[in-house]
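Everything below concerns the one structure shown next.
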Amino acid sequence: MAKTRKLKFKAEVNKLLDILVHSLYTNREIFLRELISNASDALDKLRFETTRGTEVVDSDLSLEIDISVDKEAKKITIRDTGIGMDEDEIIANLGTVAKSGTEAFLKMLSENADAGKNESAASIIGKFGVGFYSVFMVAEKVVVTSRSYHKDAAPVRWISSGSGTFSVEYPEESIQRGTTIEIELRENAAEYADPDKIKNIIKKHSNFVAFPIKVDGEKVNTVRALWREPKFKIKKEEYEEFYKFLTHDYQEPLDTLHVSIDAPVQFNALIFFPKQIFDMFGTLREDRGLDLYVNGVLIQHKNKDLIPEYLAFCKGLVESPDIPLNISRETLQENRVIQKISSALVKQVLNHLSKMAKDDKEKYDAFWKEHGKVFKFGYTDYANQEKFAELLRFNSSAMENGDALTSLAEYTERMKEGQKEIYYLTGASREAIESDPHLELFRRKGIEVLYLYEPVDEFALSGLGKYKDHELKAVEQADVSALDEVKGEEKETPQAEALSDSDEKIFKKLLERMKDILGDRVTEVRESKRLHDSASCLVNPDGSMTSHMHKMMQMMNKDLTPPSKVMEVNKDHPLTRNLLKIYKNDPRDPFIEETTEQMYEAALLLEGYLTDPHRLVNRMNKMLEQSSGWHPAVK
Ligand code: ADP
Ligand code: MG
């Protein structure tokens, strides 16, 4: 044997190994799934190379995975005839973790493992897929011997017991193309040195691997390309099993879409909607995509061009004979056929969702609650805006609680006579929205308002602009005079006594005085037609963006000055009436100034613009102190 190189694992590998070896004892069997899936990937890559005409060594080897189990020696050997690795590759691949989200994953894993939450740590592993290193959950020592498919590549051997280092050697005997992994099991994992147990694990996790898996010479999996079979031949359980195989999800999918299209391009697709999306490492968008096959050959895992970001929750695969096999991964992106498949597929998915919404409301609601957040970004898909709009769901003032949902179509059915626009209001919660002064007029008239809780909601609605003939409008931008034409069931409310003509004039003066006090901070101070319960509120000058939009822009620009708005004052409010008296007595009375400031800052606070509440609180405390003097017990 020639020289041996001793190398250190990268820090993240050590962290991972430490957790795998010392903390986790449940669900250890997934090590086999991970090794088989690597072998299957290696075979897929080999097949891809040969079909595009690359010369490979040992070209007559059949593509398969062979497992042998030695009960006595407590050893498992897994051999594949795949693409193999050369020295550089084996050091890079089995010495680091090159996967996005690894850091977040390790953090979550160690927290759960430390807390002794083995079950959840194991399920985190299942979802993330720790790959090769999971073998050290059961192995005392692992020997990987590999021969790359390249003609002039020398075989290489990698040996490690999973504690800090690995060594690399150069075997002198002749070695076939592919990779062999020899596992010496730990004493406490000796149970895996059992062919029946191994077969069961393969059936459970790896049944749909596209290459034969043999255990001691006997084939155990059902190599089936489910997506090519006619739908009526496939049982629900088979779809579910396939889904679990594909995604490592432990739950069944929420729904399955299996399509076979002939024009304008020919393709089969098998798409699943998961019950739950696992974006715990923030990698959903990056991690999205569908596996792409051409004539049984896997061309690319998770091709992102097949499915737009807003449908990132779709899992599955596409197979098309219309894509040239010798295509390089780099040119896939510009490939017209891919684009055509993608646009046909998007239509299929949207139609499927529409059908679900119609036939099975409960399922659609479940879909919406889980995937709506991502789906709403579809407002930029101009080609499908109409369909997209029909699929949107919101909570609204007509709903009984914060969980109920309405579509835009249902909203329009409930519209009042004379109502032309669809109204919405954004806020952090149902409670926050319902205490917003802007809602008062709508509530009084019984006009329904959509409640928007997420930043993307308003982008989606203002992006759409219209639903059918109805403009989508933020409540704060509603034209109050247009609302006069709406035949609402105006609620009977006690009316304040009308002001005399001369008091009307003084009221106008009072408004001018308030504008003087506030200066450029407001564009105008005017009488409100919308308020009933509140004394004042801020509204947008015509045509400017809503407060919510404005705040989003501010976050992006890191500029915190509140926008200059119109302050509206409720003429009938007791506070206004008192101010009127004070003004009549002395227009310069400091109380008017303090109250105006207070009304303005309170409105800013409600709209989420007040960055420094000190003055507001001081003023409030002073006013409380004064008014407590009026308490009967004090007087
Ligand atoms: P992943 O499969 O997610 O990339 P793994 O930890 O499972 O992560 O594997 C790391 C890398 O090691 C693989 O991407 C592959 O390049 C290489 N590898 C692992 N097993 C094999 C194998 N049997 N044949 C060839 N390459 C392999
Ligand atoms: Mg892997």
If I go through the stretch 38-56 residue by residue, how many of them are within 14 Å of ligand 1 (Cβ to nearest atom) and more than 39 Å from the chain's Cα centre (by Cα)? 1
What are the residue pairs meeting all of these: first residue in the stretch 354-378, first residue over 19 Å from A460 (Cα atoms), second residue outside any helix (DSSP H, G or I), Cβ atoms under 6 Å, and 6 or more apart or on different chains? none
Restricting to the stretch 154-208, name every residue that is aliphatic (A, V, I, L, M), farther than 19 Å from L7 by Cβ and in contact with a strand residue (DSSP E or B) (Cβ under 7 Å, 6 or more places away or on another chain). I175, I183, L185, A193, I198, I202
Of all residues being more than 11 Å from ligand 2 (Cβ to nearest atom) and closer than 15 Å to F245 by Cβ in the stretch 31-63, which is surrounded by the fewest Cβ atoms within 10 Å (Cβ to Cβ)? Just the residue, please. D44
Taking the options M555, M623, name whichever one is open to solvent by less than 50 Å² (accessible area, probe 1.4 Å), out of contact with any strand residue (DSSP E or B) (no Cβ under 6 Å at 6 or more places or on another chain) and at pLDDT below 90. M623
Selection from the stretch 315-366 of residues open to solvent by less than 70 Å² (accessible area, probe 1.4 Å) and in contact with a Pro (Cβ under 8 Å, 6 or more places away or on another chain) yields K315, S342, A344, V346
Somewhere in the stretch 168-191, is a residue open to solvent by less than 50 Å² (accessible area, probe 1.4 Å), within 16 Å of ligand 1 (Cβ to nearest atom) and of a type in the set (F, W, Y)? no
Failed condition for V69, given (1) crowded, with 19+ Cβ neighbours inside 10 Å; (2) within 12 Å of ligand 1 (Cβ to nearest atom); (3) more than 37 Å from the chain's Cα centre (by Cα); (4) not polar (S, T, N, Q), with all others met? (2)
Matching helices (runs of 4 or more DSSP H) fully within the stretch 65-136 where at least 1 residues are of a type in the set (K, R) and at pLDDT below 90: 102-114, 118-128
Scan the stretch 575-613 for residues that are farther than 20 Å from L538 by Cβ and without any contact (Cβ under 8 Å) to a residue 60 or more places away in the chain and jot them down. N578, K581, I582, N585, D586, R588, D589, P590, F591
Unique residue being open to solvent by 60 Å² or more (accessible area, probe 1.4 Å) and at pLDDT 80 or above when the list is E497, E492: E497
All but one of (1) within 12 Å of ligand 1 (Cβ to nearest atom); (2) of a type outside the set (F, W, Y); (3) at negative phi hold for G84; state the number of the condition that does not hold. (3)
When P264 is run through (1) open to solvent by 60 Å² or more (accessible area, probe 1.4 Å); (2) more than 26 Å from R52 (Cα to Cα), the failure sits at (2)
Within the stretch 302-361, tally of residues that are more than 29 Å from V209 (Cβ to Cβ), charged (D, E, K, R) and not in a loop (DSSP other than H, G, I, E, B): 8
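The values are calculated or read from the model by the stated rules, or taken from the named source; none is laboratory data. This structure is a prediction, so every number in the text was calculated from the model and none was measured. Quick reminder, even Gly has a Cβ in these numbers, built from the backbone with ideal geometry, and neighbours come from all protein chains shown. The area values use the complete protein model at the heavy-atom level, side chains included, leaving out ligands, DNA and RNA. Shrake-Rupley method; radii C 1.70, N 1.55, O 1.52, S 1.80 Å.
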